[in-house]
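Working notes, beginning with the structure itself.
Just so it is clear, none of the values below were taken in a lab; they were calculated from the coordinates. These figures come from a predicted structure and were not determined experimentally. Every residue, glycine as well, gets a Cβ built from its backbone with ideal geometry; the counts of neighbours run over all protein chains shown.
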Amino acid sequence: MGSVTASLFLGVWTPLCCLIAIAAQITFLVVPGTPDPLQAAVAILQAIALSLLGPGAYSIDGRRYGRRVVVLPEQDS
């Protein structure tokens, strides 16, 4: 799990690393004797949010593939 964390920190293959992190946390929820299921649930929600946001501006993915910028159309009021 350490390599996934390092990859997320550097911003390498962010969506793939988020999927791996989500799968790991789900297995932690399923395995009996998990210390805190609430912590695993919060980690799953954070990984989902990060995968939807994408890599940061200074990450390796951001420099390699370009930033995603969402431009909203102007609303006529």
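Only DSSP H runs of four or more residues enter the estimate; each adds -39500 (n - 2.57), and after division by the residues of the chain the mean residue ellipticity at 222 nm equals -20000 deg cm²/dmol. As a rough footprinting exposure proxy, the listed residues SER3, SER59 were ranked by other beta carbons within 10 Å of their own, and the order from fewest upward is SER3, SER59.
Give, in nm to one decimal, the length gained when the segment between ALA49 and ALA24 is fully stretched (0.36 nm per residue of separation minus the Cα-Cα distance).
Working: separation 25, 0.36 × 25 = 9.00 nm, distance 1.60 nm.
Net length gain for the segment: 7.4 nm.
Taking the highest mean first, how do the peptides 21-28, 36-43 order by number of other beta carbon atoms within 10 angstrom per residue? Walk me through the numbers before you get to the answer.
Numbers: 21-28: 16.5, 36-43: 12.6.
Highest mean packing first, the order is 21-28, 36-43.
Only one of (i) 11; (ii) 27; (iii) 36 was calculated from the structure for percent of Cα pairs over 22 Å apart, and its label is (iii). Backbone phi angles across the stretch 20-25, fed through the Karplus curve with coefficients 6.51, -1.76 and 1.60 (θ = phi - 60°), yield HN-Hα couplings of 5, 5, 5, 4, 5, 5 Hz in residue order; Gly and Pro are listed as x.
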